[in-house]
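Chemist: One structure is given below, represented as structure tokens, and several questions about it will come after.
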Amino acid sequence: MNKVILMGRLTRDPDVRYIQGETEMAVAKYTLAVGRYRKGGKEQQADFIPCVVFRKGAEFAEKYFHQGMKLLVSGHIQTGSYVNKDGHKVYTTEVMVTEQEFAEKKAFSPDHIQMGTEENGFMNIPEGIDDEELPFQ
């Protein structure tokens, strides 16, 4: 089984590109800083995990994710390799994201305005978002 669940903060805004083909497809890449705790150690360390998400998830990330936001993502690990321009083999490891969501009570809207939270703990969905744009169905 290849399944990964991560919670961390975005190191910068997602990099979104659109691939041309039969239909245009969005691809977002972002890096999560995920805390690594050492037993008995007071110094917190972080791993920087590259993540890739496609299609509607990528479009959602482009609109609503910003540097510093705390996210919860799940997906699978994919490894690969390529030869760089200097002729050296480079190995890659990325999380191919299948689910992504906000991991804090107070998330940021596209304009970095805090969205309200109802008494029941659910976040209000900002005006103008279609159900099809949400990362959950």
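Chemist: Could you count how many residues in segment 68-105 are assigned to a loop (DSSP other than H, G, I, E, B), of a type in the set (D, E) and at pLDDT 95 or above?
Modeler: 1
Chemist: Being more than 20 Å from E104 (Cβ to Cβ) and surrounded by 13 or more Cβ atoms within 10 Å (Cβ to Cβ) is the requirement here; does P50 meet it?
Modeler: yes
Chemist: Here's a follow-up. A26 passes all but one of (1) surrounded by 10 or more Cβ atoms within 10 Å (Cβ to Cβ); (2) farther than 19 Å from G75 by Cα; which number fails?
Modeler: A26 satisfies all of (1) surrounded by 10 or more Cβ atoms within 10 Å (Cβ to Cβ); (2) farther than 19 Å from G75 by Cα except (2).
Chemist: Taking the options V34, V95, V83, V73, name whichever one is of a type in the set (V, I, T), without any contact (Cβ under 8 Å) to a residue 60 or more places away in the chain and surrounded by 14 or more Cβ atoms within 10 Å (Cβ to Cβ).
Modeler: V34
Chemist: Which strands (runs of 3 or more DSSP E) does segment 1-67 wholly contain that include 3 or more residues that are more than 17 Å from E99 (Cβ to Cβ)?
Modeler: 15-19, 25-36, 45-54
The values are calculated or read from the model by the stated rules, or taken from the named source; none is laboratory data. Note that this is a predicted model, so its numbers are computed, not measured. FYI the Cβ positions are ideal-geometry reconstructions off the backbone, even for glycines, and counts take in every protein chain you see.
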